[in-house]
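Worksheet: one structure, shown below.
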Amino acid sequence: MIIFDASTLILLARIEILELFVSNFQGKVLIPHSVEIEALKKDKEGTPLIEELIKRKKIQVIYMKDKNQVEKLMDDFNIGTGEAEAIWLALKKDARVVATDDRNAIRACKMLHLEFITAIAFLIRAFEKGFLERDEALIKVQRLSNISRYGKAIIEDAIKQLKGGV
């Protein structure tokens with residue numbers, strides 16, 4: 001089971017590997033309802049794909065009831081509702097991993113002993129597993145560089161890994 005926050009869900013949709021991941025993942029892919037709302041905002045690139053995957057039940061939406069716990073996570077780690085709901089859902093459902101690109105959510109995962117994965121890690125793993133050719137993966141990492149907040153060093157490291165230099 002993997003639980004997404006909106007940032008990673010949207011980034012993977014925008015670099016066109018979300019469907020590839022969801023189609024090849026053996027477990028459940030979950031998102032809290034607040035992530036659905038954020039990800040499906042009008043005029044966001046990637047929205048039609050995310051909406052389609054939800055309709056096809058490739059991504060399952062979970063409605064949160066533990067508002068006090070979510071608010072505590074928001075306060076404790078300075079994170080938004082979607083990130084807090086994703087983390088709380090991961091704790092509650094004993095999920096394998098939280099997909100997040102939010103710095104504070106990553107910090108929260110580390111402190112709460114939850115595994116996490118970022119969009120760039122998804123991309124590298126897709127290449128390593130043979131789902132993407134090297135040239136296609138390099139194009140997608142450049143696109144990710146243009147649409148995300150990844151630092152130059154992280155992008156350079158990803159390119160090095162994709163070129164086989166690690």
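The values are calculated or read from the model by the stated rules, or taken from the named source; none is laboratory data. Just so we're clear, the structure is a prediction, and the values are computed from it rather than from any experiment. Please note: Cβ atoms are built from the backbone with ideal geometry, for glycine as well, and neighbour counts cover all protein chains shown. Note: accessible area is taken over every heavy atom of the protein model, side chains too, but ligands, DNA and RNA are not part of it. Shrake-Rupley method; radii C 1.70, N 1.55, O 1.52, S 1.80 Å.
For the pair residue 52 and residue 66, label points projected 7 Å from Cα toward Cβ lie 3.5 nm apart. What you get for the chain, charging only the Cβ of Lys and Arg (+1) and of Asp and Glu (-1), is a dipole of about 220 debye around the Cα centre. The residue among 122, 148, 105 whose Cα reaches farthest toward the positive pole of the charge dipole of region 105-152, with charges on the beta-carbon of Lys, Arg, Asp and Glu, is 105. Mean separation of Cα pairs under 8 Å and 6 or more residues apart, divided by the residue count, gives the chain a relative contact order of 24 percent.
Between the beta carbons of residue 16 and residue 110, assuming R0 = 41 Å, the FRET efficiency works out to 0.90 to the nearest 0.05. Highest GNM mean-square fluctuation among 64, 74, 111, for the chain modelled with Cα contacts below 10 Å: 111.
Charge tally around residue 105: other residues with Cβ under 11 Å, Lys/Arg +1 each, Asp/Glu -1 each, net -2.
Listed by chain and number, the aspartates and glutamates placed with their C-alpha closer than 19 angstrom to that of residue 129 are 16, 19, 157; residues fewer than eight positions away on the same chain are left out. Averaged per residue, the chain has 56 square angstrom of accessible surface, using a 1.4 angstrom probe with ligands and nucleic acids left out. Relative contact order for region 7-90: 32 percent, from Cα pairs under 8 Å spaced at least 6 residues apart, divided by residue count.
Gain on full extension, evaluated as 0.36 nm per residue between residue 152 and residue 33 minus their Cα-Cα distance, stands at 39.6 nm. Beta bridges assigned by DSSP with both partners in the chain are antiparallel in approximately 0 percent of cases.
Proximity of backbone amide H atoms, modeled 1.01 Å from N, is registered between residue 116 and 98 at under 5 Å, excluding neighbours fewer than 5 places apart on the same chain.
The solvent-accessible area of residue 150, taken with every protein chain present and a 1.4 Å probe, is close to 40 Å².
The length gained on full extension between residue 40 and residue 133, counted as 0.36 nm times the residue separation minus their Cα-Cα distance, comes to 30.5 nm. Checking the Cα-Cα distances for 65/152; 57/140; 58/160; 41/140; 55/152; 92/140 against a 28 Å cut-off, the pairs over it are 65/152; 58/160; 55/152; 92/140. Here region 1-106 has 46 percent of its accessible surface on carbon and sulfur atoms, given a 1.4 Å probe and all protein chains in place.
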